[in-house]
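Below you'll find the structure, written out as structure tokens, and then a few comments.
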Amino acid sequence: MNKDQIYEKIKMAIVDCADVEQEDVKLSKTLIDDLGVDSIDMMELIYSLEKSFGVQLEIGDFEGVMSKQMGEVAFAVDNIITTEGLEKLRSVMPEVDQSKIVEGLSVYQIPFLFTVESLCNLVIQKQK
């Protein structure tokens, strides 16, 4: 399945789960701020995508996944992402507006960074 096909499936899942108009779902749109996906919608969306693509999406434990990938280097200290964590975040989420990945970013703010393209990239990565 190519990125365009994955995008179309994700777009329809967002429309179904979050009551968003199809024409509003663009790759660059953030799920929470731009499309208004709330926490319940997000849970339903993730479940739908996991079923549809046969993958496990660890958005809820994104900090844990990043921490594992970074090994002994701390991703966050006291819920604030470290300088090294910010670099890791920039490298795994190049589609995100990089001006939002700044010093002082909290792990609780990570979900606000996710775009439709972030979901596409995550699904592609999980299918490998």
> Has the stretch 57-68 got at least one residue that is among the charged types (D, E, K, R), at pLDDT 90 or above and over 13 Å from the mean Cα position of the chain (by Cα)?
Replying inline: no
>> I'm told Val55 meets every condition in (1) more than 16 Å from Tyr7 (Cβ to Cβ); (2) β-branched (Val, Ile, Thr); (3) part of a loop (DSSP other than H, G, I, E, B) except one. Can you identify the failing condition by its number?
In response: (1)
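This table checks each residue for (1) at pLDDT 95 or above; (2) assigned to a loop (DSSP other than H, G, I, E, B); (3) farther than 25 Å from Gln127 by Cα.
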| position | (1), (2), (3) |
| --- | --- |
| Ile6 | yes, no, no |
| Lys9 | yes, no, no |
| Glu23 | yes, no, yes |
| Gly36 | yes, yes, yes |
| Met43 | no, no, no |
| Lys88 | no, no, no |
| Val102 | yes, yes, yes |
| Gln109 | no, no, yes |
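Within the bounds of the stretch 47-65, is there any residue that is closer than 29 Å to Ala18 by Cα, touching a strand residue (DSSP E or B) at 6+ places or on another chain (Cβ under 7 Å), in contact (Cβ under 8 Å) with a residue 60 or more places away in the chain and of a type in the set (Phe, Trp, Tyr)?
Residues of the stretch 47-65 that are closer than 29 Å to Ala18 by Cα, as a first pass: 47-65.
Still in the list and also touching a strand residue (DSSP E or B) at 6+ places or on another chain (Cβ under 7 Å): 63.
Retained after the next criterion (residues that are in contact (Cβ under 8 Å) with a residue 60 or more places away in the chain): none.
There is no residue in the stretch 47-65 that is closer than 29 Å to Ala18 by Cα, touching a strand residue (DSSP E or B) at 6+ places or on another chain (Cβ under 7 Å), in contact (Cβ under 8 Å) with a residue 60 or more places away in the chain and of a type in the set (Phe, Trp, Tyr).
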>> Report every pair of residues separated by at least 6 positions or lying on different chains whose Cβ atoms are under 6 Å apart, first residue within the stretch 88-100 and buried (at least 17 other Cβ atoms within 10 Å of the Cβ), second among the hydrophobic types (A, V, I, L, M, F, W, C).
In response: Lys88/Met66; Lys88/Met70; Leu89/Ile101; Val96/Leu113
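The values are calculated or read from the model by the stated rules, or taken from the named source; none is laboratory data. Because the structure is a prediction, the values reported are computed rather than measured. Note that we place each Cβ from the backbone using ideal geometry, even for glycine, and neighbour counts take in every protein chain shown.
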